[in-house]
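Please treat every number below as a calculation from the coordinates, not as lab data. In this text, all values refer to a predicted model and were calculated from it rather than measured experimentally. Heads up, the Cβs are rebuilt from the backbone with ideal geometry, glycines too, and the neighbour counts pull from every protein chain shown.
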Amino acid sequence: MRIAVLNGPNLNLLGTREPEVYGRTTLAELEQLVRAEAGRLDVTLSWFQTNHEGAFVEAIQGLRGQADGALVNAAAFTHTSLALRDALLAVRVPFVEVHLSNIFAREPERRHSRLADLAVGIVAGFGPQGYLLGLQALVAKLRG
Ligand code: DQA
């Protein structure tokens, strides 16, 4: 099984970016944690991060035929991007929406996701652990 992890803008700054909100784990460390869990689950993992909306759209378009499912942390694009929504509608790859922070306990503009109703499920508020929970849940769902 092939799972793609797609990370959006500013997540490359994890570790130093607002650590009181996002913790001190870097993106590279997060990738290692997720890759280790993917190994335990016998899943092939691809990992992607971009600060650019168009690149994110292209990454989603590229999932078709290449991934059985995805973990998506679209970061700020979660709250704004019809283009990402349209791309996810077009490819119809099952995905779990992941957020390090609990977006529903934050500023009003973060409490709405333009992607969430398309997701298999959402994990928010558990920091890096949320990626592992999301991966486990997605794989279990896909394996039926
Ligand atoms: C985030 C939450 C978003 O609101 C924010 O813009 C991010 C990160 C999270 O993982 O908690 O950049 O997606």
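Quick notes on this structure:
- Ranked for footprinting exposure by Cβ neighbours inside 10 Å, fewest first, Glu18, Glu97 give Glu18, Glu97.
- According to the Cα-based calculation, Rg over Rh for the stretch 13-84 is 0.99, with Rh computed by the Kirkwood formula.
- The stretch 98-144 - percent relative contact order, Cα under 8 Å, separation 6 or more: 43
- Two-decimal Rg/Rh across the chain, once Rg and the Kirkwood Rh are taken from alpha-carbon atoms: 0.93
- The fewest-to-most ranking of Asp117, Asp86, Asp68 by surrounding Cβ atoms within 10 Å reads Asp117, Asp86, Asp68.
- Neighbourhood net charge (10 Å Cβ-Cβ; Lys/Arg +1, Asp/Glu -1) for Gln136: +1
- Contact order for the stretch 2-143, expressed relative to its length and based on alpha carbon pairs under 8 Å spaced 6+ residues apart, stands at 27 percent.
- Charge sum, other residues only, whose C-beta stays under 15 Å from Val5's C-beta, Lys/Arg counted +1 and Asp/Glu -1: -3
- Local electrostatic count, Gln66, Cβ distance below 14 Å [Lys/Arg +1, Asp/Glu -1]: +1
- Stretching the chain fully between Leu133 and Ala28 yields a gain of 36.0 nm (0.36 nm per residue, less the alpha carbon separation).
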